[in-house]
Structure formats: C-alpha cells, structure tokens
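**Q** To start, I am sharing the structure in question, which I have written as structure tokens.
The values are calculated or read from the model by the stated rules, or taken from the named source; none is laboratory data. Owing to the predicted nature of the structure, the values given are computational and were not obtained by experimental measurement. Positions of Cβ are backbone-derived with ideal geometry, glycine not excepted, and every protein chain shown enters the neighbour counts. Accessible surface areas use protein heavy atoms only, side chains included; no ligands, DNA or RNA. Shrake-Rupley method; radii C 1.70, N 1.55, O 1.52, S 1.80 Å.
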Amino acid sequence: MIALTLPELKTATSCIFTKETFDYFLVKEITISTSNTFHVDGRLHPDYYTDEEKELLRDPVYSDWKSLRPFCYQLIRGKKLPRSFRLVFQLSESNVERFVDQYHIPCQVSDIGGLYLHFRYENQILSAVSGTSLNFFTLDKTIDTAWDEMVRRILKLAGILFTEA
C-alpha cells in the first residue's frame, strides 16, 4: 500500500472526472459532498437489466467508472469546489489477469480478492492510496509491491504528478 499526494488538483481531477483515464476500473463506492452528500454503492442490481443488457456489462457485480463518471462530474462541476469526495475503484478481473501476467505474479487470479485505488479529496488535499486484498495469507509482498508500481505508472502515464506521502 502506498499513499500519494496529488498536488496539481486541477490536472488530477480532470483526469479522474472528465477523461477516460480510469474508465477501466470498477466502482466499489463513491461519496461526494457538495451542498449535500451523495453516496453511490457501486453494486449493480441484476434485476434491473435484461438478459441482453447483462451480457454487455463488463462485470456482473459492479458498475464501471465509465458509466458513473458523467453523473459524478455533474455533482462536482461548478464554481465551487466540492467539500470532499472519496472514490474507491477496483481493477476488473480481466485487468487483474493482465496484471498477473505482466508482473509474473506467482498466484492464480482467483487468489486476488481485489486491487484497489482510492482517491480522497478533503481539506483541499487530493490523495491516492493503493490497496490489495488477497484470498489467502502470505508474508510475500510481491503482489503489493507490483500493484504499487502499477498505480505509480498509471498516474505517470496520465500526467498526474504525485509525491509519496
């Protein structure tokens, strides 16, 4: 797990809310506080979708950021900054497979409960925190270290400056 501070607020929030930078992530939860506090549980309601629509979903359990991003952008845009926001993203299973292959991780994809990226904006400070969840116990930090490296790479490729907190 790493905690990063993102000092260029405008650039970072633009990448998060107006660009496709994080569209391939799934959404675990969102909390945005402006004039009201809005909370989004990223879990999908399967009974809402037709069988055809379910087949088009990237993930059967969670919404992807691409579908929720426009809604969230509408909540934060305007002349005033939001009071705070918290976004909890999870890497999709297909991207976890790519991650395991790319970093030669010595485990099965099913052993990884989740690879997370949290964004938190509060008191005019934006931070990003990486996180991993494994379905087994290990003292080996290979997965954690590789995911931390991947998060840094994602931010660098997006042009988001960061400092280690």
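**Q** Please state which of the following conditions Phe85 fails to meet, knowing it meets all the rest: (1) out of contact with any Phe, Trp or Tyr (no Cβ under 7 Å at 6 or more places or on another chain); (2) under 28 Å from Glu164 (Cα atoms).
**A** (1)
**Q** Right, next: Test of understanding: among His45, His39, which residue is open to solvent by 40 Å² or more (accessible area, probe 1.4 Å), touching a strand residue (DSSP E or B) at 6+ places or on another chain (Cβ under 8 Å), more than 24 Å from Trp147 (Cα to Cα) and without any contact (Cβ under 8 Å) to a residue 12 or more places away in the chain? Spell out the reasoning first.
**A** Numbers: His45 fails: touching a strand residue (DSSP E or B) at 6+ places or on another chain (Cβ under 8 Å).
After ruling out the rest, the residue left standing is His39.
**Q** A further question follows. Consider Lys10 carefully, then state whether it is touching a helix residue (DSSP H, G or I) at 6+ places or on another chain (Cβ under 9 Å), open to solvent by 30 Å² or more (accessible area, probe 1.4 Å), assigned to a helix (DSSP H, G or I) and not β-branched (Val, Ile, Thr). Explain how you work it out, then say what you get.
**A** Values: touching a helix residue (DSSP H, G or I) at 6+ places or on another chain (Cβ under 9 Å): no; open to solvent by 30 Å² or more (accessible area, probe 1.4 Å): yes; assigned to a helix (DSSP H, G or I): yes; not β-branched (Val, Ile, Thr): yes.
Here the answer is no, as Lys10 does not meet what is asked.
**Q** Could I ask something else about it? Being among the β-branched types (Val, Ile, Thr), modelled with pLDDT of 95 or more and either over 21 Å from Pro60 (Cβ atoms) or touching a helix residue (DSSP H, G or I) at 6+ places or on another chain (Cβ under 8 Å) (or both): is that true of Ile143 here? Break it down stepwise before answering.
**A** Values: among the β-branched types (Val, Ile, Thr): yes; modelled with pLDDT of 95 or more: no; either over 21 Å from Pro60 (Cβ atoms) or touching a helix residue (DSSP H, G or I) at 6+ places or on another chain (Cβ under 8 Å) (or both): yes.
Against the criterion (among the β-branched types (Val, Ile, Thr), modelled with pLDDT of 95 or more and either over 21 Å from Pro60 (Cβ atoms) or touching a helix residue (DSSP H, G or I) at 6+ places or on another chain (Cβ under 8 Å) (or both)), Ile143 does not qualify.
**Q** Please state which of the following conditions Ser67 fails to meet, knowing it meets all the rest: (1) over 18 Å from the mean Cα position of the chain (by Cα); (2) in a helix (DSSP H, G or I); (3) among the small types (Gly, Ala, Ser).
**A** Tallying (1) over 18 Å from the mean Cα position of the chain (by Cα); (2) in a helix (DSSP H, G or I); (3) among the small types (Gly, Ala, Ser), Ser67 fails exactly one: (1).
**Q** Output yes when any residue across the range 72-89 is over 13 Å from the mean Cα position of the chain (by Cα), open to solvent by 80 Å² or more (accessible area, probe 1.4 Å), closer than 22 Å to Ala3 by Cβ and among the charged types (D, E, K, R), and no when none is.
**A** Yes, the range 72-89 has at least one match.
Yes/no matrix, rows are residues, columns are (1) of a type outside the set (D, E, K, R); (2) assigned to a strand (DSSP E or B); (3) over 29 Å from Phe17 (Cβ atoms):
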{"site": "Pro106", "(1), (2), (3)": "yes, no, yes"}
{"site": "Tyr116", "(1), (2), (3)": "yes, yes, no"}
{"site": "Gly131", "(1), (2), (3)": "yes, yes, no"}
{"site": "Thr138", "(1), (2), (3)": "yes, no, yes"}
{"site": "Leu157", "(1), (2), (3)": "yes, no, no"}
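**Q** Yes or no: Leu126 closer than 27 Å to Thr5 by Cβ and part of a strand (DSSP E or B)? If you could, list the steps in order and put the result at the bottom.
**A** Working: closer than 27 Å to Thr5 by Cβ: yes; part of a strand (DSSP E or B): yes.
For Leu126, the condition - closer than 27 Å to Thr5 by Cβ and part of a strand (DSSP E or B) - is met.
**Q** Output the number of residues of the range 90-104 satisfying the condition of being within 20 Å of the chain's Cα centre (by Cα) and part of a helix (DSSP H, G or I).
**A** Looking only at the range 90-104, we keep the residues that are within 20 Å of the chain's Cα centre (by Cα), and these are 90-100, 102-103.
Among the residues that remain, those that are also part of a helix (DSSP H, G or I) are: 93-100, 102.
Residues that pass the stated criteria total 9.
**Q** As an exercise: evaluate Asp59 against (1) within 18 Å of Tyr116 (Cα to Cα); (2) part of a loop (DSSP other than H, G, I, E, B); (3) out of contact with any strand residue (DSSP E or B) (no Cβ under 8 Å at 6 or more places or on another chain) and give the number of the one condition it does not meet.
**A** Of the numbered conditions (1) within 18 Å of Tyr116 (Cα to Cα); (2) part of a loop (DSSP other than H, G, I, E, B); (3) out of contact with any strand residue (DSSP E or B) (no Cβ under 8 Å at 6 or more places or on another chain), the odd one out for Asp59 is (3).
**Q** Given the criteria within 23 Å of Arg83 (Cα to Cα) and hydrophobic (A, V, I, L, M, F, W, C), does Phe136 qualify?
**A** no
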